[in-house]
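What follows is a set of notes on a single structure, which appears directly below.
Any read-out appearing in this document is the output of simple, stated calculations on the displayed coordinates, not a laboratory observation. Computed from a predicted structure; not experimentally measured. Cβ sites come from the backbone with ideal geometry, for glycine too, and all protein chains shown count toward neighbours.
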Amino acid sequence: MAFNFPDDLKYTTEHEWVRMISDNEAYIGITDFAQSELGDLVYIEVETVGETLGKDEVFGTVEAVKTTSDLFLPVSGEILEFNEELDETKGDNATLVNKSPYDKGWIVRIRIESPEELDELLSVEEYKNLVG
């Protein structure tokens with residue numbers, strides 16, 4: 001299977017991605033590879049909006065038919081917004097992450113506390129090598 005790896009993103013070894021939208025704000029989601037490994041997503045939970053979390057802290061979970069996985073924050077920051085299209089109280093469309101992991105399927109928007117942590121993330125080439 002051919003996966004999509006946008007080259008304007010930073011990646012983590014836990015299969016999250018970061019897309020900068022301003023000097024200190026970014027969208028966070030899971031990669032095309034991650035969503036394919038999980039299968040059809042049925043539920044995404046984020047109860048950390050308004051909280052400031054450290055790098056690698058759990059900010060939510062994704063639930064597929066057979067498994068639940070933690071979501072790890074790639075860089076320290078404040079969770080500003082949970083994509084309401086994914087929120088069960090609003091859009092309740094978790095499969096957006098399967099269909100459009102890098103665009104409509106973003107999970108949270110954050111304000112980055114420590115921009116230097118971005119340098120610790122993987123480039124597109126490093127991430128491609130990680131997933132083979």
- Item | Protection proxy ranking, peptides 5-17, 117-129, average beta carbon neighbours within 10 Å, highest first | 5-17, 117-129
- Query: Amide H of residue 29: which non-local residues (sequence gap of 5 or more, or other chain) have their own amide H closer than 5 Å, using H built in the peptide plane?
  - Reply: 17, 107
- Message: For a quick check, take a GNM of the chain with Cα springs below 10 Å and name the residue from 108, 42, 18 with the largest mean-square fluctuation.
- Response: 42
- Item | FRET efficiency estimate (nearest 0.05) - Cβ-Cβ, residue 7 to residue 87, R0 30 angstrom | 0.55
- Query: Normalised by the number of residues in region 85-132, what is the relative contact order in percent for Cα pairs under 8 Å and 6+ residues apart?
  - Reply: 19
- Message: Full-extension gain between residue 120 and residue 20, please, as 0.36 nm times their residue separation minus the C-alpha to C-alpha distance.
- Response: 34.5 nm
- Protection proxy ranking, peptides 63-73, 78-88, average beta carbon neighbours within 10 Å, highest first: 78-88, 63-73
- In the list (i) 20, 19, 12; (ii) 29, 18, 12; (iii) 25, 19, 15, the entry giving semi-axes √(5λ) of the Cα gyration tensor in Å computed from the coordinates is (i)
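Given an 8 Å cut-off on Cα distances and at least 6 residues of separation, report the relative contact order of region 10-114 as a percent.
Working: 246 pairs, mean separation 32.3, N = 105.
With pairs under 8 Å counted, the relative contact order is 31 percent.
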